[in-house]
Amino acid sequence: MKAPRYLSFQALSLVLVFALLAGCSESFMAEDDIEAQEQLLSQTKLRHSKFLSRAKRLGKDGSELNVIISTLEAQKVIERFKVLERYKVLERYEYDDAMDGVAISVIDESGEDNFEEFFALLDSDPDVAWYEPDFKLWAPDAYAKMASETELVPWGVRAVNADGDWSASSRRKQKVHVYVVDSGIEHSDLNVVERVDFLKGSNENGDEGGDEDGDPDGHGTHVAGIIGAIEDGDHVVGVAPGVQLHDFRVLGADGSTDVSVVIAAVERITEEKLANSKQAMVVNMSLGENIGTSSFTALDEAIEASIAAGVIYVVASGNYGDDAENVTPAHVGGAITVGAYDESGYHAWFSDAGSLLDVYAPGVDILSLEAGGSLQMMSGTSMAAAHVTGIVARILADDYRASPSKVASLITSRASDLIFGVPAGTTDEGAEIVPCPERDDGVCEWDG
C-alpha cells in the first residue's frame, strides 16, 4: 500500500457519454429521455450509483468524491487522469492482494460539483473493470448501559460454554492471531500485540478521525473484551482469555469510516496471510451497511479473496431488523455471519436474519470492557459476532491448520442452542465452544 500523493493535470476536452447519476433536480422526464438515460446507464462501469451522494464531501479545495476503481493497471490509469484540467486527484490506497485496484479522492476545482468528465474517462478506459462510490460504513448501533463491576463472567460467555478453564497451552495460544477491525482498543486487560491506525494519513485533510489515539468510540474495546479479556480476577473474562489481539483501527470517533479504509485493513491482513500461510488468523468485523441489494461491493470482493487466501472472517449480521443478504459485508457467503439473541434465548428484535445467517450468539445486555478501564453493557450483533470470534480463536488454538470452510462447518454443525422467535427461513441455532478430540500425540482430530 502506497502513501497518498497528489497528481497534476493538463488540459483536454472530452465528449460526455452520460449524465451524472446523483443529485438530479428534475422532477419529470420525457419517456424518450428516460429510455435514453437507462441505455447510457447500462453502458457505464459504475456500480452502486445510488451511493454517489454519500461518497461526497466538502473539502478545502472544493467538492470531493471518493471512488474505488478495479483495475490491474492502477498506475497506468492514474497517469491518464492527468489529461483533465478541472480535477485534482489524491491516491489514497493501492491494493494488490485483497483486490486489484486503487482508492482515490477526486476534487472538482471548478466548484461546480460535477464529475461527468471524470466518469466518462473511467467508462472509456479499457483498463478499468468497474468503479464505485467509496461510501461510509458504520459500526452497528450498540445499545449501551451502565454496568456493575462485580460480575466477572458475563452471561454471554456462560451461554457459549466458555466459562470453564481454557486449557490450551501458551504455545498453542501464541499461534492464534485475532484481528479486531473496529474503532480501536483501549484497556489494560487485553493482550494487544499490534496496533495499526488505518485512518491516519488517509487523506490530505486528516479529517477521518485518525488524530485521536486509543478508542474514542468505545465499540472496539467492548468487542475485544468479549473476545479475549484476560482471566485475572478483575473486570470480566472473555471467550478466549488472553488471546493475541491485533488492533486494526478503521472507525472514527463517530463510529463511521469509508469502504476504502476497511479494504486497506483487509489488504494488510491478506498480505500477512500470503506471507505466512501457516499463521492462524481470524478477523472480527462488527461493521457494515445496509445497501439494499445482495450485489457485492468492493469490500465484499476483497473479503472473499482474503477468505480464499485462508483468513477466517466473522461478521455481524447488522442491527437493521432486515435480511442480512442486503448488508455488506454480512452477505459474503464464505464469512461466518452472526445474529444476536437475548439471555432468555429469543431472537433480538434488532438482529438481521435470513438464509445467509450462519449462527446466533449472545448480543443483548452484554457486559464487557469500556475504553479507558471500566465496564459497560452493550447490545448488538457486534457483540454476538465477538462471541463467535472467541470460539473460532479457541478452535484455531486446537488446530491452527483449520481452513475457513472447516471452521465454519465446525461452528454451525456443533451449534445446539435453539433460539426462539427466529424469522422464517433463518437458522435457530446458537454457537457454542467446540471441544477438541485429541489424538495421543495431542493433535486435534475433528470428525466430519
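Just so it is clear, none of the values below were taken in a lab; they were calculated from the coordinates. Source: prediction; values computed, not measured. Every residue, glycine as well, gets a Cβ built from its backbone with ideal geometry; the counts of neighbours run over all protein chains shown.
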State the extension gain, in nm to one decimal, for the chain segment bounded by residue 277 and residue 76, taking 0.36 nm per residue of separation less the distance between their alpha-carbons.
69.2 nm
Can you give the alpha-carbon Rg of the range 138-430 over 2.2 N^0.38 Å, where N counts its residues?
0.89
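Which of the residue pairs 82/136; 278/406; 50/82; 173/200; 45/88 have a Cα-Cα distance greater than 24 Å in the structure shown?
Numbers: 82/136 27 Å; 278/406 15 Å; 50/82 27 Å; 173/200 31 Å; 45/88 21 Å.
Cα-Cα > 24 Å for 82/136; 50/82; 173/200; rest within.
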Modelling each spin label as a point 7 Å along the Cα-to-Cβ direction, I'd like the residue 45/residue 428 distance in nm, to one decimal.
4.9
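Based on the Cβ-Cβ distance of residue 254 and residue 325, what FRET efficiency does E = 1/(1 + (r/R0)^6) give at R0 = 25 Å, to the nearest 0.05?
Details: r = 27 Å, r/R0 = 1.08.
Computed FRET efficiency for residue 254 and residue 325 comes out at 0.40.
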If I model the range 59-132 as equal point scatterers sitting on the Cα atoms and use the Debye formula, what is log10 I(q)/I(0) at q = 0.18, 0.21 Å⁻¹?
-0.66, -0.88
Would you mind getting me the FRET efficiency between residue 174 and residue 409? Use the beta-carbon distance for r and R0 = 25 Å, nearest 0.05.
0.50
With labels modelled as points extended 7 Å from the Cα through the Cβ direction, what inter-label distance (nm, one decimal) is found for residue 57 paired with residue 188?
3.5
